[in-house]
Every structure is written in C-alpha cells, then in structure tokens.
Amino acid sequence: NLTSGTAVYRWKDGRFHLTQTIDTEIAGANGITIYQKNGTTLAFIAHYIGGTRDLPEVMTKSSIYRWDGGQFNFVTYYPSLASSSTEAWSGLDQQSYIGVANQSTVNFDYRTPSKIYRVNIESLSKND
C-alpha cells in the first residue's frame, strides 16, 4: 500500500484476522520483511514513493518496527531511496545485516546503488 497504513493479519481458526494497522506516517509500505533473532521480531518496512499522483516524492527513509505486546511498535528509520524491498539475514559472523533495494534518487534518477548495512539487533531489542 503506497498511500496509507499497512495491515497486519494473524492466522487463527482457519482464517486471517486483522491484528493491527501500522500507521507508517511518511508513506505506505512497498515491501515488508520480518526478521527474527534471539527472541526479537522486527519488521523492516520499505518506503517507495509518497506525496500525490500529481506531485510524487521519493522517500529517503524506511521504517523498523519491533513486535512487542502483541503488536508492532515503531523503533527507528533507516536510509533508503524509493526502496522496493529490504532483506535481512544473519551472516556467518553472527552479525545481522539488511540489504536495501534502492530504486531512485530524489531527482528520479533510477541509476542508484542498493546498500547493505550491519544492524545492531540488541540495541533495537531494548525497550526505550
């Protein structure tokens, strides 16, 4: 959903039930990746284009949410440029990484590199 909140569903009793609508504030979600490590569940929500159809705006940040108390809560932003998706994984070194698929600069130049970041899961796991 590029223009509004993101729905989270839970499978129960043979069907999906709406659990939460995440108000992503800056733009809707283009891609969501769920990542679990050491008892922490994170949602990386890639933001692509915001604004309006007549005046589109490239999103320069995407969001991280943490599952806590039966819902996802906002933690922080990470840099992205009209990101179509983010993938998360644990490396052989046991560090956590995200790969951010950037699609465009703020000037709509579609020749933009994707990025890989190391993520400190422990700092994102603390209750602030």
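The values are calculated or read from the model by the stated rules, or taken from the named source; none is laboratory data. The model shown is predicted, which means the values in this text are computed figures rather than measured ones. All Cβ positions, glycine included, derive from the backbone under ideal geometry; neighbour counts span all protein chains shown. These area figures cover heavy atoms from the full protein model, side chains too; ligands, DNA and RNA do not enter into them. Shrake-Rupley method; radii C 1.70, N 1.55, O 1.52, S 1.80 Å.
Overview of results
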read-out	value
Candidate set: region 71-116, residues that are aromatic (Phe, Trp, Tyr) and open to solvent by 80 Å² or more (accessible area, probe 1.4 Å); chosen: the one nearest to Thr6 (Cα to Cα)	Phe74
Matching entry among Tyr35, Tyr48 (being in contact with a strand residue (DSSP E or B) (Cβ under 9 Å, 6 or more places away or on another chain) and closer than 17 Å to Glu122 by Cα)	Tyr35
